[in-house]
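Novice: Following this message is one structure expressed as structure tokens.
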Amino acid sequence: MIRERLHTIRTEIGRAAERAGRDPGEITLLAVSKRQPAEMIQEAYQCGQQVFGENFVQEAKDKIKRLDCAVTWHFIGRLQSNKARQAARLFNLVETVDRLKIARALSRSACEDNRSLDILVQVNIGMEKQKSGVAPGNVEQLLREVATLPGLKVRGLMGMPPYAPDPEKARPFFRQMKEIADRCRDRELFSDNDAVILSMGMSNDFGIAIEEGATLVRIGTAIFGERPGKTE
Ligand SMILES: *Cc1c(COP(=O)(O)O)cnc(C)c1O
């Protein structure tokens, strides 16, 4: 099941890239495994999937310990500063940095461990009260502040448009994300301005996100099926 779904998604990613005249090789598929058991991650890994996303530090810790495979882990959940130390140790990339306080905590932890940690800045592209993320107008300022912190590499931006059943509704938000990322790249605000990551697009709208410039799509349900337990 997972094998067929991954295959279908990779095909769709390729088609969307083609429609936009982009190289499919520049798009990373992140498998969102929150609330899915470690066995499912193992299965996806055996089908060639290597990048996974988790939303909860403790849950991820348990799974990462159980899985003995060369997986790249992204943290994509809401991050509290008291969990920042653990997150910096467990994950290869933290996608949800939206305030200086969190960035400072991650920086401290990375420095203590003598390593560097990749991060993305999360943008609240729809200015929604219930969502985290820095307001679009404050992205540049946060990037400038974070750039001064040792141990962190700001690779790009992450965003999530307001939910709408019709994925076309997300397009203007994706486009705005791309504009913000381009502007910040032109001002050289990322650690590598030739390889800026733009993380946007989920199960129901990743094709549109790719048409609008996503370089990383975060897909859960379309790979693993419905998540067990409570709905978010
Ligand atoms: C859960 C989640 C996803 C995946 O959502 P699906 O609709 O299951 O593909 C992507 N990004 C974030 C931040 C999430 O929390």
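The values are calculated or read from the model by the stated rules, or taken from the named source; none is laboratory data. Since this is a predicted model, take the numbers as computed values, not measurements. Here the Cβ positions follow ideal geometry from the backbone for every residue, glycine too, while neighbour counts run over all protein chains shown. The area values use the complete protein model at the heavy-atom level, side chains included, leaving out ligands, DNA and RNA. Shrake-Rupley method; radii C 1.70, N 1.55, O 1.52, S 1.80 Å.
Novice: Among the residues of the range 216-226, are any part of a loop (DSSP other than H, G, I, E, B) and of a type in the set (A, V, I, L, M, F, W, C)?
Specialist: no
Novice: Checking L216 against (1) out of contact with any helix residue (DSSP H, G or I) (no Cβ under 8 Å at 6 or more places or on another chain); (2) within 11 Å of the ligand (Cβ to nearest atom); (3) under 22 Å from T72 (Cβ atoms); (4) open to solvent by 40 Å² or more (accessible area, probe 1.4 Å): exactly one of these is not met. Which one?
Specialist: (4)
Novice: Can A70 be described as open to solvent by less than 30 Å² (accessible area, probe 1.4 Å) and more than 19 Å from L198 (Cβ to Cβ)? Let's see the steps before the verdict.
Specialist: On the way: open to solvent by less than 30 Å² (accessible area, probe 1.4 Å): no; more than 19 Å from L198 (Cβ to Cβ): yes.
No.
Novice: Residues in the range 68-90: is at least one of a type in the set (V, I, T), under 23 Å from L149 (Cβ atoms) and within 12 Å of the ligand (Cβ to nearest atom)? First the steps, then the outcome.
Specialist: We begin by selecting, within the range 68-90, every residue of a type in the set (V, I, T); these are 71-72, 76.
Checking which are under 23 Å from L149 (Cβ atoms) leaves us with 72, 76.
Those left that are additionally within 12 Å of the ligand (Cβ to nearest atom): 76.
Yes, that holds for at least one residue.
Novice: Just give me the residues in the range 49-62 being closer than 19 Å to R218 by Cβ and either more than 19 Å from the chain's Cα centre (by Cα) or within 11 Å of the ligand (Cβ to nearest atom) (or both), in sequence order. Walk me through how you get there before you give the answer.
Specialist: Taking the range 49-62 and keeping what is closer than 19 Å to R218 by Cβ, we get 49-57, 59-60.
Across the range 49-62, the qualifying residues are G53, E54, N55, F56.
Novice: Still on this structure: Among the strands (runs of 3 or more DSSP E) lying completely within the range 104-200, list those that include at least 2 residues that are without any contact (Cβ under 8 Å) to a residue 40 or more places away in the chain and open to solvent by less than 40 Å² (accessible area, probe 1.4 Å). I'd like the intermediate steps shown before the answer.
Specialist: Working: elements: 117-123, 152-159, 197-199.
Result: 117-123.
Novice: Step by step: first the residues of the range 73-88, then only those that are among the charged types (D, E, K, R) and touching a Ser or Thr at 6+ places or on another chain (Cβ under 7 Å), then the one that is surrounded by the most Cβ atoms within 10 Å (Cβ to Cβ). Which residue is that?
Specialist: Looking at residues that are among the charged types (D, E, K, R) and touching a Ser or Thr at 6+ places or on another chain (Cβ under 7 Å), I get R85.
Novice: OK, next. Just one of (1) part of a helix (DSSP H, G or I); (2) more than 16 Å from the ligand (Cβ to nearest atom); (3) open to solvent by less than 20 Å² (accessible area, probe 1.4 Å) trips up A209, so point out which.
Specialist: The single condition A209 does not satisfy is (2).
Novice: Ok, one more. Taking I2 as meeting all but one of (1) in contact (Cβ under 8 Å) with a residue 12 or more places away in the chain; (2) within 30 Å of L106 (Cα to Cα), write down the number of the exception.
Specialist: Answer for I2: the failing condition is (2).
Novice: Would you mention how many residues in the range 17-40 are more than 18 Å from I208 (Cβ to Cβ) and either crowded, with 18+ Cβ neighbours inside 10 Å or within 16 Å of the ligand (Cβ to nearest atom) (or both)?
Specialist: Matching residues across the range 17-40 total 7.
Novice: Can F190 be described as of a type in the set (F, W, Y) and under 21 Å from I13 (Cβ atoms)?
Specialist: no
Novice: If you go through the range 90-100 one residue at a time, how many are under 20 Å from N114 (Cβ atoms) and surrounded by 16 or more Cβ atoms within 10 Å (Cβ to Cβ)? Steps first, please.
Specialist: In the first step, residues of the range 90-100 are kept if they are under 20 Å from N114 (Cβ atoms); the result is 90-94.
Checking the rest, the ones that are also surrounded by 16 or more Cβ atoms within 10 Å (Cβ to Cβ) come to 90-91, 93-94.
Count: 4.
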